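The values are calculated or read from the model by the stated rules, or taken from the named source; none is laboratory data. Just so it is clear, the structure is predicted and the values come from calculations on it, not from any experiment. Here the Cβ positions follow ideal geometry from the backbone for every residue, glycine too, while neighbour counts run over all protein chains shown. For the accessible areas, the whole protein counts, side chains as well, though only heavy atoms, and no ligand, DNA or RNA atoms are used. Shrake-Rupley method; radii C 1.70, N 1.55, O 1.52, S 1.80 Å.
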Amino acid sequence: MIDASLYQTRDDGVITMSAGRNLVDFGFVGVSPSGPIVEASSSPVQMILYAATYAMTGINYASFAFLQTLVATLLLGAAVALALGVSRAEGLFSILLLSLALSFVYPFFLWHGSGMENALTHFLIVLSIAGLVRMIRCKRVSFLWAIPLVLTCFVRLELLLTIVALLGLFSVYWQRKFHSFGALKFSFLVAALCVVIHGIRFAYFGEFFPNTAAAQGISPLDRVQALLSGSVQPMVEGMQVSAYNFVQGGWWLAVVCLPLVFRLGMDAADKFLISAILVVLCVALISPVFLGRPRIDWMRTYSYVTVVSLLLPTWCVYHAVASRRIVELRTIAVVGVVASVWMYRTEPYYLGWAVDGFDQVRREFNAIAQNNEIRRPLVSNPDLGVMSWHKQFNILDLGMLGSPVMANLHKNPGIADYVLDFTKPDIVESHGFWTGLYCRDLFQDARFQDQYRSVSPKLSVQEMCGARRNEKAIWIRKSIELGSSSAERQFLDRLQDEFLIDTIKQEFDLCDPEKIDCRYVMRTVFRFVPELMEQRQLNEVLSLFDDDIERAYLSSVYDNDATDKITNHFFID
């Protein structure tokens, strides 16, 4: 029995669900109730699926993750049967054998049950291949099979390249086999649907690539330019990832079993199936050159290749058993023994980013906010999923996935002005790697030391950035604490007692910009953006602000240009 704490309900999966809940509860795709609009994950399909399920049932993230894994596993089995075209006992035996093998390929098994989009990806990529095989087997194009192909393109955005390659193979194969352009028309339909959906994404988010790409430094265009300039680094990094995945993901089993394919005999559908498996494998081996190293685990975004690769030995088992090919069965048995030894020598491993520790930080944040009577505090920490799912806080994400301005500025010194002068989060938590990342630009800045005090544990910035860097450290902004005499705290108290637009107008009259920084008005109003949106009063409040950047910050709940305006303002050349 594998310890569930190693792999179940990873925080990155909860980020996607948080975006889905935000859409239902607040009417826009993001992770914070007050904005901004942000595509904080690479799986629109899982986000929409969770949003729909949550809207109907109110299901929490843990229950959805379990249900998703269960249903996707059952559907994956059906998709495998459809791809192989099995209808006899030999086929069922082959599928059970595949299931057993997959349960011991831990990079597949663990990510399949992680609560992230992997389980959906595994099912949809196999169903897409099965649909293409089915059309060849039936000698008829059915446009309904465009649905799983389009869904696959949006269950992981980078799978667009894989689907393009499969459709290219399908179109050429169909033309040569049936002398018809039916497959080409089918491919154009899939392409048209993808273009339309990507167009909608671009119109809504203002970017083609999700914010996850900027946050993780993923830029296919930059890597192509590096290759064209003569750099070998993208190639070296890509080969490292591919070599690791080829071995650890069990992809090698497809290559080892490939010679058997030619001995067992194939019909037209079988030939296409084997070709499709090899295409998926080849694209996966090449992709890291352009996409770089995946976050957390190199197998995380490529776990689907394992189930596709193992379709090939499964096909061999099915046909060898069905045709009673003794020599081939003995060969497969030898391969099976080698694979069993390899599987036996591997161990389950911790995927990272479990929600339990992060939820403890969330509870600490909530207690601090309640003790200080802070309405919808702006909190800043590097672990976004469970922190944002509950919708108790607005998030300034040190991990950058949920904050596009942070993703754009994290390598620029302007980030200090943005965080310490403009947004000024109420509560800050950092630890380990993230503390090291932000020590120079944020935590060791004199403004941070002047504005914040340590809550838990009691330590200085020098200690946090030195010997105690790995410890979790929580800080609160002194001017927002209960009992503070600051103008910001007094304004917050008045708005929390009675939220009126007249109170906001009066604050502009009270604040003298020559004596204090009046941006506290913007920060305080930002807490109440959901209420202003619900009462259709946000535009009226925006008209009270003269500063373009302040208006952009408050309107980021619907304005996808706000991120660029704010980034450009704080970016230091």
request  = Mind listing whichever residues of segment 441-460 are outside any strand (DSSP E or B) and under 17 Å from LYS424 (Cα atoms)?
outcome  = ASP441, LEU442, PHE443, GLN444, ASP445, ALA446, ARG447, PHE448, GLN449, ASP450, GLN451
request  = Would you mind stating whether GLU429 is closer than 22 Å to GLN360 by Cα and outside any loop (DSSP other than H, G, I, E, B)?
outcome  = yes
ask   = Can you pull out the residues in segment 298-327 that are in a helix (DSSP H, G or I), out of contact with any Gly (no Cβ under 6 Å at 6 or more places or on another chain) and among the hydroxyl-bearing types (Ser, Thr, Tyr)?
value = THR301, TYR302, TYR304, SER309, THR314
note = Being modelled with pLDDT under 90 and under 24 Å from GLY336 (Cα atoms) narrows LEU264, LEU281 down to just LEU264
message = Restricting to segment 53-84, name every residue that is within 30 Å of LYS271 (Cα to Cα) and either touching a residue at least 40 places away in the same chain (Cβ under 8 Å) or part of a loop (DSSP other than H, G, I, E, B) (or both).
response = ALA72, THR73, LEU75, LEU76, ALA79, VAL80, LEU82, ALA83, LEU84
Options TYR553, TYR520: the member that is in contact (Cβ under 8 Å) with a residue 12 or more places away in the chain and within 24 Å of ASN211 (Cβ to Cβ) = TYR553
key: Residue list for segment 489-500, restricted to those being more than 24 Å from ASN539 (Cβ to Cβ) and crowded, with 17+ Cβ neighbours inside 10 Å   = ARG489
request  = Six or more apart or on different chains, Cβ under 8 Å: which pairs go from a residue in segment 296-310 that's closer than 14 Å to GLU158 by Cβ to one that's of a type in the set (Asp, Glu)? Could you list them?
outcome  = THR301/GLU158
remark   = Selection over segment 504-523 where residues are within 40 Å of the chain's Cα centre (by Cα) and farther than 20 Å from VAL379 by Cα yields a count of 3
query = What helices (runs of 4 or more DSSP H), lying completely within segment 179-297, carry at least 3 residues that are of a type in the set (S, T, N, Q) and open to solvent by 50 Å² or more (accessible area, probe 1.4 Å)?
reply = 233-248
inquiry  = Looking at the structure I just gave you, is VAL461 in contact (Cβ under 8 Å) with a residue 12 or more places away in the chain and open to solvent by 40 Å² or more (accessible area, probe 1.4 Å)?
reply    = no
ask   = Given SER87, SER114, SER99, which one is assigned to a loop (DSSP other than H, G, I, E, B), without any contact (Cβ under 8 Å) to a residue 40 or more places away in the chain and not aliphatic (A, V, I, L, M)?
value = SER87
message = Condition first: open to solvent by 10 Å² or more (accessible area, probe 1.4 Å) and either in a loop (DSSP other than H, G, I, E, B) or aliphatic (A, V, I, L, M) (or both). Now tell me which residues in segment 384-394 satisfy that.
response = HIS390, LYS391, GLN392
key: Failed criterion for LEU437 (all others in (1) within 22 Å of PRO377 (Cα to Cα); (2) part of a helix (DSSP H, G or I); (3) aliphatic (A, V, I, L, M) hold)   = (1)
ask   = Is it the case that HIS410 is more than 21 Å from MET116 (Cβ to Cβ), under 28 Å from the mean Cα position of the chain (by Cα) and surrounded by fewer than 21 Cβ atoms within 10 Å (Cβ to Cβ)?
value = yes
task = Hey, can you tell me all the residues within segment 17-33 that are over 17 Å from ASP359 (Cβ atoms), of a type outside the set (Gly, Ala, Ser) and either open to solvent by less than 10 Å² (accessible area, probe 1.4 Å) or assigned to a helix (DSSP H, G or I) (or both)?
result = ASN22, LEU23, VAL24, ASP25, PHE26, PHE28, PRO33
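Results for (1) β-branched (Val, Ile, Thr); (2) free of Cβ contacts under 8 Å to residues at least 40 places away in the same chain; (3) at positive phi, shown as yes or no for each residue.
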site	(1), (2), (3)
ILE368	yes, no, no
ARG376	no, no, yes
GLY399	no, no, no
THR423	yes, no, no
GLY432	no, yes, yes
key: Residue among THR503, THR524 that alone is closer than 18 Å to PRO33 by Cα and surrounded by 12 or more Cβ atoms within 10 Å (Cβ to Cβ)   = THR524
note = Apart from one, (1) loosely packed, with under 14 Cβ neighbours inside 10 Å; (2) not in a loop (DSSP other than H, G, I, E, B) all hold for ILE474; the odd one out is (1)
message = All but one of (1) among the β-branched types (Val, Ile, Thr); (2) open to solvent by 30 Å² or more (accessible area, probe 1.4 Å); (3) out of contact with any helix residue (DSSP H, G or I) (no Cβ under 9 Å at 6 or more places or on another chain) hold for ILE368; state the number of the condition that does not hold.
response = (2)
query = Here are VAL133, VAL80, VAL105, VAL86: which of them is under 17 Å from LEU310 (Cα atoms) and at pLDDT 95 or above?
reply = VAL133
message = If I filter segment 523-542 for residues that are in a helix (DSSP H, G or I), within 26 Å of VAL24 (Cβ to Cβ) and of a type in the set (S, T, N, Q), do I get at least one hit?
response = yes
ask   = What about ILE147, is it within 23 Å of ALA81 (Cβ to Cβ), hydrophobic (A, V, I, L, M, F, W, C) and surrounded by 18 or more Cβ atoms within 10 Å (Cβ to Cβ)?
value = no
query = On the given criteria, is SER114 within 22 Å of the chain's Cα centre (by Cα), open to solvent by less than 40 Å² (accessible area, probe 1.4 Å) and not hydrophobic (A, V, I, L, M, F, W, C)?
reply = yes
